[in-house]
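Throughout, read-outs are computed from the coordinates displayed, never taken from laboratory work. What you are looking at is a predicted structure, and each value in this text was computed from that prediction instead of being measured. Every residue, glycine among them, receives a Cβ derived from its backbone with ideal geometry; neighbour counts consider all protein chains shown.
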Amino acid sequence: MADKTKKPVGAVMVVGGGIASIQASLDLADSGYYVYMVEKTSAIGGVMAMLDKTFPTNDCSMCILSPKLVEAGRHPNIEVITLAEVQDISGEAGNFEVKVLQKARYIDMSKCIACGACAAKCPKRVPDEFNQRLNNRHAAHVRYPQAVPLKYAIDKENCLYFQKGKCRACEKFCPADAVDFGQQDVMHTLNVGSVILAAGYRPVDPGQCGIHTSAFQNFPNVVTALQFERILSASGPWMGHLVRPGDNKEPKKIAWLQCVGSRDINTCQNGYCSAVCCMYAIKEAIIAKEHSHHGLDTSIFFMDMRTFGKDFERTYEGAKQKGIRFIRSRNPSMIELPDGSLELSWVDEKGKLSTEVYDLVVLSQGLEMDPETAALCRKIGVETGQSRFVETGSFTPVESSRPGIYVCGALAGPKDIPLSVMEASAAACAAAANIHSARGTMITEQVKRPQKNVGGDPPRVGVFVCSCGINIAGVVDVDAVKQYAATLPNVEYVENNLFTCSQDTQDKMAKVIEEKGLNRMVVAACSPRTHEPLFQETLQAAGVNKYLFELANIRNQDSWVHANDPVAATEKAKDQVRMAVAKASLLEPLTEARLSILPKAMVIGGGIAGMNAALELAKQGFETHLVERDIKLGGNARMLRVTAKGDLVQPYLEQLAAKVQAEPLIHLHLGSTLKDVDGFVGNFKTTLVSDKGEEVVEHGATLLCIGAGEYKPTEYLYGQHPGVMTHLELDSALINGQIDPKKTNSVVFIQCVGSREPERPYCSKVCCTHSVESALHFKESNPDCQVTVMYRDMRTFGEREYLYQKARALGVMFVRFDLDRKPVVELDGDQLQVRAYDPILDMDVAFPADVVGLATAIVSHRQEELAQMFKLPMDSDGWLLEAHVKLRPVDFATDGVFMAGIAHYPKPIEEAISQAQAAVSRAITVLSRKEMFLPGTVAVIDKKKCVGCGVCWEICPYSAITQDSADGLAVVNEALCKGCGTCVASCRSGAPNLKGFSNQDVMSQITTMLQG
């Protein structure tokens, strides 16, 4: 048991350096904790840094990751410890002592200027791990061009000096005298209150595991999916040019083979599904077509297409429209032809043997735990499960078996980026709850540097042109743009950078701004949506008002659009830079208003997500109002029987509700709905309505956990026969004893009822697992019961695959069907009967059924009125729309409002709980502050011009403009204003003015564009 007499330590150790680690570290640091981030390689970034693009937006992976890397690297309360590994953890929750071995870099990081001289002179070349061994690196090297920290390291195992006692060329040529061969490994002893394990995964090595071991080892044109990502990447060995490694020729026909090292109990004992492979194969096929200079032929060989996430099914259907072939089969056999091409042979569902030749084959490799991480888990007493991933509970999804040690990301099981990021925030929440009394005891308060007074000074503009690897420079002549920028009025300094968003470039820019006395900055690079805050912070670090900045988007709006016309793209880039400089020259410093924060929260929705969110907030000392429109807590979970891990839901639900009702910091509002919402982040005022009347509640943050509903079908005799029921109805009947599985002779489950159809073109994610769970319950209760599951694709992702395997072993029959040939439920007298076409038998089959379970879609409540109160967007299916699908999965664009549960998208219980914890973590980054600064780009009203017509306050999408009761004219609430400019465009009198986008600013751009 923990010694409660000891005060907890206000620091957390995060083990790992990938996107999950970064997110957890930022959440904790922004909530008042000191963070040690321990990464075993020489730089943070993890696997996400290796990817080319991310779906469904096809954003450049490095481009959206880089601002996060720099933010973590420059955060005063995050200490990044690279080339380091945890050796042992002693102590207990709240007071751990961690031994961390940091290996020598042999480069003095305080002196290294990342010039690359050491690598240039190093004669030793070895396979580059970051580029998946597709090319070589030097023994003196940097992990990748945008690495954080961007400091070189010397690989002792391959360095000629360490191995043979000679060379030292790097030391001779280093201009900063940074090489230090005398460096020694250091053992750090660090005290922390909590530990988060976020060490990620190891991609399965097809050379060691899977049926294509020999092919991967011997055929150069057989590559892994991660190798293909590096082939496509602008910073990869071929700088984004689509080639095959064997002969550097562009392939005309590529095949992806799924389930390599996954769903495989014969060659590598990885019986689980790796969950991410289907979607990344589709993404790679789509992107490859875009990279190809001719009509690329693409085929994906699969057993079940598991596109179960948000917008995944749309991407899958869209890929079909783009001409990507999907071939359902077992993994094909493969032989190499004399020209290096690969001949694939396979048998389809109907037993037909086919053979085709492909130029390149991509193996969709699975995810597994790194053996070194597994050894650490054993050493520190953290249990792992059947698949060797860290074991967590159905209702404690980020807690390990050792109190005080938490887990997130792929270390707890295969998962994609959004789920890893969400779990990272959840783990941060759990880790902080353990030590919340020590919040703020070890941090350094961030102090903004005083700004130079540039009022009245002539503009001195610095222009920084980014190559973005070859994302820009592969199309635009960046040197010509640089030379052109130098000729523009008010431009005092111009430079070109390979990656302007990298940490070393940011540091360099800050120095240049000071040295050259620049008071305006223009960056010609990518999107302000992802990068503007990063560059503004650099400007601020140099002592210049951050609003004296303009970004010319010469990537998204130029090089990507005009990839086939470099000359025109270069001219357009010049136009964009000229326009940006014209505007920057007119910009004036803006001020940011301070806003006090009310440290209270409101959670809307009393289901599993809402109750967990309320309890987590209360655990960390925040008063919380929990609002539920029903008179009873529990939501849909009141009708669920069991989790995927076999834990009963109802006992947990009863205990959870009891905790909520007993918690003094939670104010429960049952039978209540929202009438009105006023205010803004840190200061909301919400009017609740119930039988007791109206009540106004003030709170600083809002968490929406409003759930979703169950589709009620009009087919399969639903509503016409009592034996046909939905999943929830069947679960309720089993819970209440209305159906006795021991006395049931035949059950048929029909999947995708209302899902994956034109009206609802999405997968409801939980249905396959739910049906298999129920099928097992009937089969285990009565082995003689005939149980049949009719499905389109069996989407038992992750370790749910074991349930599928178990069901098949016990004799549950699985019959696949297509959308154009759905099963038919009919009555044969009083007996239900289900008929379907079996593609394997190539004939119709019929099954008698006592019970027909329909896997009905989960549908949004489409609470448009509630969404409108908080100015929140919804997608076309009615799901709440997150701020960024990858990196802000529980945030909204509206500050201070967060989401959790199935209102975001269908998900199982453990994900709903971890998302609730994630929403709490994000909310606490607001609630833990005493005050925050509002953006300076807000509208102001010139009351001399305003006539009080009301157009602006009627049209404002954020309700930021109201009528002043004193004079009847418009007035702007700066806390609500998002700077969209709708009011400016709508006012006939020209009364509104948007700071940073004045008429003069905008007209200067238009005029200079027309002048050429």
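Would you please classify the overall shape of segment 957-996 from the alpha carbon gyration tensor, given that a ≥ b ≥ c denote the square roots of the eigenvalues, rounded means a/c under 1.5, and beyond that prolate means a/b larger than b/c while oblate covers the rest? It would help to have the intermediate numbers written out before the result.
Numbers: a/c = 1.91, a/b = 1.19, b/c = 1.60.
The shape class here is oblate.
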For segment 329-471, compute Rh as the Kirkwood radius over C-alpha pairs and then the Stokes-Einstein diffusion coefficient at 10 °C and 1.306 mPa s; write the answer in µm²/s, rounded to an integer.
73 µm²/s
Residue-wise, which Karplus ³J(HN,Hα) couplings in Hz belong to segment 179-189, taking 6.51 cos²θ - 1.76 cosθ + 1.60, θ = phi - 60°, and x for glycine or proline?
6, 9, 6, x, 4, 10, 4, 10, 9, 8, 10
Can you tell me what percent of all Cα-Cα pairs in segment 657-745 are more than 24 Å apart?
51 percent
Once each part is reduced to its C-alpha centroid, what is the distance from segment 324-347 to segment 780-797 in angstrom?
31 Å
Aspartates and glutamates whose Cα lies under 20 Å from that of Lys379, excluding same-chain neighbours fewer than 8 positions away
Glu39, Glu85, Asp88, Glu92, Glu97, Glu368, Asp370, Glu391, Glu399
Considering only the chain, percent of DSSP beta bridges that pair antiparallel, nearest 5:
50 percent
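Would you work out the relative contact order for the chain, in percent, from Cα pairs under 8 angstrom that are 6 or more residues apart? Provide the component values of the computation, followed by the final result.
Numbers: 2292 pairs, mean separation 111.5, N = 1012.
The value is 11 percent.
May I ask which of Lys68/Lys930; Lys448/Lys945; Lys252/Lys322; Lys352/Lys645; Lys448/Lys995; Lys164/Lys508 have a Cα-Cα span longer than 27 Å here? Walk me through the numbers on the way to the answer.
Values: Lys68/Lys930 24 Å; Lys448/Lys945 36 Å; Lys252/Lys322 16 Å; Lys352/Lys645 38 Å; Lys448/Lys995 21 Å; Lys164/Lys508 37 Å.
Result: Lys448/Lys945; Lys352/Lys645; Lys164/Lys508 exceed 27 Å.
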For segment 7-15, just list the computed ³J(HN,Hα) in residue order, Karplus coefficients 6.51, -1.76 and 1.60, θ = phi - 60°, integers in Hz, with x standing in for Gly and Pro.
6, x, 8, x, 9, 10, 9, 10, 9
Using amide H atoms built in the peptide plane, which far-off residues or other-chain residues are under 5 Å from Asp297 H to H?
Lys253, Ile254
Can you list the aspartates and glutamates whose alpha carbon sits under 16 Å from that of Lys978, skipping same-chain ones fewer than 8 residues off?
Glu532, Glu592, Asp678, Asp891, Asp895, Glu954
For Val494, Val142, Val407, Val603, ascending order of other Cβ atoms within 10 Å (fewest first) is Val494, Val142, Val407, Val603
How many angstrom separate the Cα center of segment 571-592 from the Cα center of segment 648-663?
57 Å
What residues have an amide H closer than 5 Å to that of Met790, excluding those fewer than 5 places away on the same chain, when H is modeled at 1.01 Å from N in the peptide plane?
Phe749, Ile750, Gln751, Val815
Between (i) 16; (ii) 48; (iii) 12, the structure-derived percent of Cα pairs over 58 Å apart is (iii)
Cα gyration tensor of segment 461-586, axes a ≥ b ≥ c as square roots of the eigenvalues: rounded (a/c below 1.5), prolate (a/b > b/c) or oblate?
prolate
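Shape verdict for segment 133-231, please, from the Cα gyration tensor: rounded (a/c under 1.5), prolate (a/b greater than b/c) or oblate.
Numbers: a/c = 2.24, a/b = 1.35, b/c = 1.66.
Taking the square roots of the gyration eigenvalues as a ≥ b ≥ c, segment 133-231 is oblate.
Within the set Lys253/Lys415; Lys482/Lys516; Lys40/Lys151; Lys779/Lys822; Lys482/Lys583, which residue pairs have Cα atoms separated by over 21 Å? Provide the component values of the computation, followed by the final result.
Working: Lys253/Lys415 29 Å; Lys482/Lys516 17 Å; Lys40/Lys151 15 Å; Lys779/Lys822 25 Å; Lys482/Lys583 18 Å.
Over 21 Å apart, Cα to Cα: Lys253/Lys415; Lys779/Lys822.
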Two-site label geometry, Ala893 and Val940: point separation in nm, points 7 Å out along Cα→Cβ
2.5 nm
Report, in debye and to the nearest 20, how large the dipole of segment 588-670 comes out about its Cα centre when Lys and Arg carry +1 and Asp and Glu carry -1 on their Cβ.
320 debye
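Relative contact order (percent) for segment 939-994, with alpha-carbon contacts under 8 angstrom and 6 or more residues of separation? Before the final figure, lay out the partial values.
On the way: 96 pairs, mean separation 25.9, N = 56.
Relative CO of segment 939-994 lands at 46 percent.
Got the relative contact order for segment 342-387 handy, in percent, Cα pairs under 8 Å and 6 or more residues apart?
Working: 26 pairs, mean separation 11.3, N = 46.
It comes to 24 percent, rounded to a whole number.
Please give the contour-minus-distance gain from Asp964 to Ala104: 0.36 nm per residue of separation, less the Cα-Cα distance, rounded to one decimal in nm.
Values: separation 860, 0.36 × 860 = 309.60 nm, distance 6.49 nm.
The span from Asp964 to Ala104 would gain 303.1 nm if fully extended.
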Counting other C-beta atoms within 10 Å, which of Arg133, Arg821 has the fewest, and how do the rest follow?
Arg821, Arg133
If Thr894, Thr54, Thr355 are placed from fewest to most neighbouring beta carbons inside 10 Å, the sequence is Thr355, Thr894, Thr54
Starting from the amide H of Lys249, placed 1.01 Å from N in the peptide plane, find each other amide H under 5 Å away whose residue is 5 or more places distant or on another chain.
Arg244
Please list, in order along segment 337-345, the HN-Hα scalar couplings obtained from phi with the Karplus expression 6.51 cos²θ - 1.76 cosθ + 1.60 (θ = phi - 60°), rounded to whole Hz, x for Gly and Pro.
8, x, 8, x, 6, 10, 9, 9, 10
